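The values are calculated or read from the model by the stated rules, or taken from the named source; none is laboratory data. For clarity, every value in this text was computed on a predicted model and none was experimentally measured. We place every Cβ from the backbone using ideal geometry, glycine too, and count neighbours over all the protein chains shown. Surface areas here come from the heavy atoms of the whole protein model, side chains and all, with no ligands, DNA or RNA. Shrake-Rupley method; radii C 1.70, N 1.55, O 1.52, S 1.80 Å.
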Amino acid sequence: MGFGARWRDWIWWCISTARFSILINGVPVGFFSNTKGLRQGDPLSPYLFVLGLEVFSILVRRAVEGGFLSGCCLRGRGGGEMMVTHLLFADDTIIFCEAKKEQVTKLSWILAWFEASSGLRINLAKSALIPVGEVVEVEEMAVELGCKVGSLPTVYLGLPLGAHHKATSMWDGVEERMRRRLAQWKRHYISKGGRITLIKSTLASMPTYHLSLFRMPKNVAKRLERIQRDFLWGGGNLEKKVHLINWEVVCTHKEKGDYKNGKYIYIYIYQTKIETLNKALLGKWIWRFASDRDILWKKVIGTKYGKKGFGWRTKESRGTYGVGVWKEILKEANWCWENLMFKVGKGTRVSFWTDHWCGNTALSLMFPQLFALSVQRNATVKDVWDSSLGQGGWNLIFSRDFNDWELDLIGDLLILLRGFRTSSEEDSVFWKEGNHGTFRVKDAFRLLDAPNVTAFPVKCIWVDKVPTKVAFFAWEASWGKILTLDRLQKRGWQLANCCFLCGCIEENVNHILVHCTVVRTLWDIVLALVGVQWVFPETVKEVLWSWRGSFVGRKRKRIWNSILLCIFWTVWKERNRLAFRGGHLDIQKLKNSFVCNLWSWARVYMGEETSSLLDFLEWLAAP
């Protein structure tokens, strides 16, 4: 393969000097040298494996060139052809040949030569001979090769191979894994905060791999959504539970424009927004086709569909050339190209008038009158750039002289072009959204998913270090959807409506969390500590909006945001204790519970500064 003697000596020294030790009862005993190969996990191992497979690739290519193997010939538009002989990924290999016994026999010889030359062993027990279409004597050919007979569709690298791209059956594995992870019995043992975490961790990994290549059918998306919804709220086939908040609201963004940390109001986009996520993931292939160099997958797609626009994109899919996965991916081309812009290098692959490379849009749209007069409508940037004009300049040719009222247009065009010139670099594309210049799924999703214009007090709910279940409860309360007595009556429950805490007024979310005379004792503690007089708003959401705390200083700002949630949580727990267990209200215990909960959260922020409860109260009340 052309490696020098010194390099080979280095590799041999790395291999031959490795020593091993084994543990007996947890104690390493002795060392011994290996006779061949490398130890598992050695960083040098994958490099040597790749070099070994390069030998195998050379054997296969020479066999194809000699006519012993045929490979797979791809034919596309315009009579273009491309030969694919084999595909390699880590230790998985696909080899293409004709369904003839003679070619299978020669392939077995190639495998034997590779084993003899490399010292590696091919695991034929895990290998399969997969026929495409009707193949006679396939069993005999499998015996000749020494492997089993497979069939299409199958699975390769975790993705379906040979299945129809719109078949719902290829999503069965994703749905089954999600059902196992989000089994109904698990929800009985974890809080809603824990359910949120489990849903996000499950959805962050399971469907994304498939979504990055295939378009998910709508009925599959609905089934996955139902699994998530039932796991969060309860329900399903065996029980009926109240889903307090509409699923569209659950998947709503944060307040408009709050994208600095990429978070969302609750679950990160994978439910009813799964279609948008799918579009963003598929759009990445449009970006990759334009930005990647001539790698194998791009050559295959370009050969089959044909290229247009100086090779930046493929032709539209139609007829026998417009079926399969790429046809679905091409449906995302329009919005992708609306957000792509060219970076001019040599200028040989960028159209001067029709491509978007300067300004906010293509020059033909910015200056339609000049474009109509241009003689060079199909010219590239290089064609219009004249390097012989001193340090170079733009040589625009028009069909006639300009009228006086048209001179301003040509002046505006030249001013726009003043900062651009060609260079020795290759032309490229960059992504306009975000600050990175490259396509990111997160940026594409934000672009496709219109943010919710309804203002919402996000920062007062999703507070750092506050337990997720507490923040989730505050989020439910802000929508007025917690199961107070008035809400239960609306759902058909025959109950007397009287506040469990004060026993005087009908219970609703705003009364039980804000206006109840018992709850006011907790509010009085906080306001007295900081010396503030406050007129309480009407609703919980207005309280969240009004809870500013600019007077407490930066040091106490984080714990100040937690106080509101701590009051809500303490009051709700006490209310449920009285509702389900009975007993009497002890206001002093309620105060103690609130202060202790707040102290436990504050210790996460303050560390040793609040070693005791008394120190914490003094710290909170200090100016």
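Once the Cα atoms are used to define both axes, helix 407-417 deviates from the longest principal axis of the chain by about 90 degrees. Between ASN592 and ILE11, the distance separating the two model label sites (each 7 Å from Cα on the Cα→Cβ line) works out to 7.4 nm.
Relative contact order for region 459-516: what is it in percent, counting Cα pairs under 8 Å that are at least 6 residues apart? Relative CO of region 459-516 lands at 25 percent. For a modelled paramagnetic label at ARG177, 7 Å from Cα along Cα-to-Cβ, no residue of region 68-95 is in reach, as no backbone nitrogen comes under 12 Å. Less than 5 angstrom separates the built amide H of LYS307 from those of LYS315, all sequence-distant by 5 or more or on a different chain.
Cross-link reach is defined here as a Cα-Cα straight distance under 13 Å, omitting same-chain residues fewer than 8 places apart; for LYS557 the aspartates and glutamates meeting it are ASP464. For region 118-190, the residue among TYR189, SER151, MET170 whose Cα projects farthest onto the positive side of the dipole built from Cβ charges is TYR189. Dipole of region 322-425 (Lys/Arg Cβ +1, Asp/Glu Cβ -1, origin at the Cα centre): which of THR422, ILE329, SER364 lies farthest to the positive side? With unit charges placed on the Cβ atoms, the residue in question is ILE329. Per-atom-type breakdown for the chain gives carbon and sulfur 54% of the accessible area (1.4 Å probe, protein chains only). The 3J(HN,Hα) values that the Karplus relation (6.51, -1.76, 1.60; θ = phi - 60°) gives for region 46-57 are, in residue order, x, 5, 5, 5, 5, 5, x, 6, 5, 4, 4, 4 Hz. Gly and Pro appear as x. Against the chain, whose longest principal axis is taken from its Cα atoms, helix 274-291 shows a tilt of about 40°.
Restricting attention to the chain, close to 95% of DSSP beta bridges with both partner residues there are antiparallel. The mean sequence separation of alpha-carbon pairs under 8 Å and at least six residues apart, normalised by the residue count of region 54-155, gives a relative contact order of 21 percent. On a per residue basis, the chain carries 56 Å² of accessible surface, using protein heavy atoms and a 1.4 Å probe. Annotation: extensible slack from ARG520 through GLN103 equals 141.5 nm (criterion: 0.36 nm per residue apart, minus Cα-Cα distance). Of the cross-linked pairs LYS218/LYS432; LYS192/LYS589; LYS200/LYS490; LYS200/LYS459; LYS106/LYS298; LYS186/LYS459, those separated by over 24 Å at the C-alpha level are LYS218/LYS432; LYS192/LYS589; LYS200/LYS490; LYS106/LYS298; LYS186/LYS459. As a calculated quantity, the FRET efficiency between LYS331 and ARG61 at R0 = 41 Å, using C-beta atoms, amounts to about 0.70. Here the extension length gained between ASN395 and PHE420 equals 7.7 nm, from 0.36 nm per residue of separation less the Cα-Cα distance.
Normalising the average separation of contacting C-alpha pairs (under 8 angstrom, six or more residues apart) by the number of residues puts the relative contact order of region 439-551 at 23 percent. Note on LEU51 and LEU244: the model spin-label points, each 7 Å out from Cα along the C-beta direction, lie 6.2 nm apart. Between amide H atoms placed 1.01 Å from N, distances below 5 Å from TYR156 occur with LEU161, all of them 5 or more places distant or on a separate chain. Can you classify region 1-100 as rounded, prolate or oblate using the Cα gyration tensor, where a ≥ b ≥ c are the square roots of its eigenvalues, rounded means a/c under 1.5, and otherwise it's prolate if a/b beats b/c and oblate if not? Prolate.
The calculated 222 nm mean residue ellipticity attributable to helices in the chain amounts to -13000 deg cm²/dmol, summing -39500 (n - 2.57) over DSSP H runs of n ≥ 4 and dividing by all residues. Can you give the FRET efficiency to the nearest 0.05 for LYS469 and VAL84, using r as the Cβ-Cβ distance and R₀ = 51 Å? FRET efficiency, LYS469 to VAL84: 0.45. Dipole check for the chain: with +1 at the C-beta of Lys and Arg, -1 at the C-beta of Asp and Glu, and the Cα centre as origin, the magnitude is about 1360 Debye. Taking label positions 7 Å along the Cα-Cβ direction at both TYR189 and THR208, the computed distance is 2.7 nm, reported to one decimal. Helix 5-16 and the long axis of the chain differ in direction by around 50°, with both axes built from C-alpha atoms. Scoring 282-292, 485-495 by mean Cβ neighbours within 10 Å over their residues and listing the highest first yields 282-292, 485-495. Taking amide H as placed 1.01 Å from N in the peptide plane, the amide H of LYS343 sits under 5 Å from that of SER428, VAL429, PHE430, each at least 5 places away or on another chain. In a fully extended conformation the segment linking ASN497 and VAL149 would gain 118.2 nm over its present Cα-Cα distance, using 0.36 nm per residue.
A Förster radius of 56 Å combined with the Cβ-Cβ distance from ASN219 to ARG581 puts the calculated FRET efficiency at roughly 0.80.
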